[in-house]
Amino acid sequence: MPANINDINSASSSSSGPPDANPVLTAYESYVRDTPLVTRYVLNAVVISYFMSFFVDPTFALANIPYFTLFRFQLYRVITSPLVCSSILNLFFAFMGFMNHGVKLEQSMGSALFGVLFFKLTIFTNLLFLVVSILLYGLTNNDGYLAGVSVGVWTVLLSIIATECAQAPPNSKRKLFFLEIPVLYYPLVLLALFSLFAGFRLAYCLGVAVGYLQGFGKLDRWKVKVETARKWESERGCLRGFYSRAGYISVSSASGPNAWAEGSGGGGNNESSSGGGGGPVAVRAPTDPGASSSTPSFPSSGGQSLGGGSKRGLLSRGSKSPKTKEERAALLERAAERRRQQRDEGDSAV
């Protein structure tokens, strides 16, 4: 009898232990922790749009269609069109492309400037799409041009890739699977590949054109300065509510070209903490948050290729290393202070 009681006690003590972790919840927490804020919000919107497609057609409601945008004055379509997804294949490629390029670019620029760039390219591409569609309608009197569609995140993603390639060194190359392509023509080859499999899309062509204009500095008139983004992130700025959210990358903590180095990840404001659950850590040198010279930029080399296996970091635009012991000590002290602040913020959030 005592043996049976001992067996019951041991069984009850083992069953009273902590339950196994939910794999779905663990995967979602890892996604939130490792994906920067703006990239995560865009992908979340794409996923929501896909599940909405089971009940309503998000393309009809949110896509940039000249007839509805201009003649029905539904101007919101100029902004919402890249957030639409109505097929599982589009959803897969959206995640594959945006997790590849969006994460690195947001780490490089910071969440505020990346969000501005994303919607800037979106608006310019859609406005150009409307102008071209109206011109073609006026020349041909074909109503089909008024029913054309600019939709999907790849419209903006192709524009981002073209921007990055336009700012890369002209002699560098990128790999597209087994082909090595000069970096300046890489977006055009990618566009031709998309047209081969999905058919010609005017919005994709215009997105690449807008990306080249942005990369060559033709749209700098509408460029947001780093100082302006810092004001947005201040205590009285319009982004103060987002600054403390998981995955937000401030302008001061943006890693610049180091974001393309091997092993960098989307840690957001807490990427330097050592006990954050095993997420990837961004590769960067300690920098002064108040330094105005830490302007985000695209990588100065060929960047990361679609289907390529290059693993070398692109550090050719990295900041100068401190020369004296006093400078190194000051940098390390500031980095330690930031880690303490981030750890305190993480503890208070818990």
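The values are calculated or read from the model by the stated rules, or taken from the named source; none is laboratory data. Note that the coordinates shown come from a computational prediction; the quantities given were computed from them, not determined experimentally. Methodologically, a virtual Cβ is constructed for each residue, glycine included, from the backbone with ideal geometry; neighbour enumeration extends over all protein chains shown. Protein only, heavy atoms only, side chains kept; ligands, DNA and RNA dropped before computing areas. Shrake-Rupley method; radii C 1.70, N 1.55, O 1.52, S 1.80 Å.
Against the condition open to solvent by less than 10 Å² (accessible area, probe 1.4 Å), part of a helix (DSSP H, G or I) and either of a type in the set (S, T, Y) or under 28 Å from E233 (Cβ atoms) (or both), how does L113 come out, does it pass? Criteria not met by L113. All of G102, G148 fail the test of being of a type outside the set (K, R) and at pLDDT 90 or above, apart from G148.
Residues in the range 50-82 that are out of contact with any Ser or Thr (no Cβ under 6 Å at 6 or more places or on another chain), under 21 Å from A198 (Cα atoms) and surrounded by 17 or more Cβ atoms within 10 Å (Cβ to Cβ): Y50, I65.
A Cβ distance below 8 Å, combined with a sequence gap of six or more or placement on separate chains, defines the contacts here; from the range 78-106, residues that are among the acidic types (D, E) reach residues that are modelled with pLDDT under 85 in the pairs E106/G266. Among the residues here, L130 does not qualify as of a type in the set (A, V, I, L, M), open to solvent by less than 60 Å² (accessible area, probe 1.4 Å), in contact with a helix residue (DSSP H, G or I) (Cβ under 6 Å, 6 or more places away or on another chain) and more than 18 Å from R72 (Cα to Cα).
Scanning the range 89-110 for residues that are open to solvent by less than 40 Å² (accessible area, probe 1.4 Å) and closer than 23 Å to Y243 by Cα yields a total of 11.
All conditions but one from (1) crowded, with 17+ Cβ neighbours inside 10 Å; (2) in contact with a Ser or Thr (Cβ under 9 Å, 6 or more places away or on another chain); (3) not acidic (D, E) apply to P182; the one that does not is (1). Taking the condition out of contact with any Ser or Thr (no Cβ under 9 Å at 6 or more places or on another chain) and open to solvent by 30 Å² or more (accessible area, probe 1.4 Å), does G138 pass? So G138 passes the test. For residues in the range 144-165 being in contact (Cβ under 8 Å) with a residue 12 or more places away in the chain and closer than 13 Å to Y67 by Cβ, which is surrounded by the most Cβ atoms within 10 Å (Cβ to Cβ)? In this case the residue turns out to be S150. Apart from one condition, A168 fits all of (1) within 30 Å of R72 (Cα to Cα); (2) outside any helix (DSSP H, G or I); the exception is (1).
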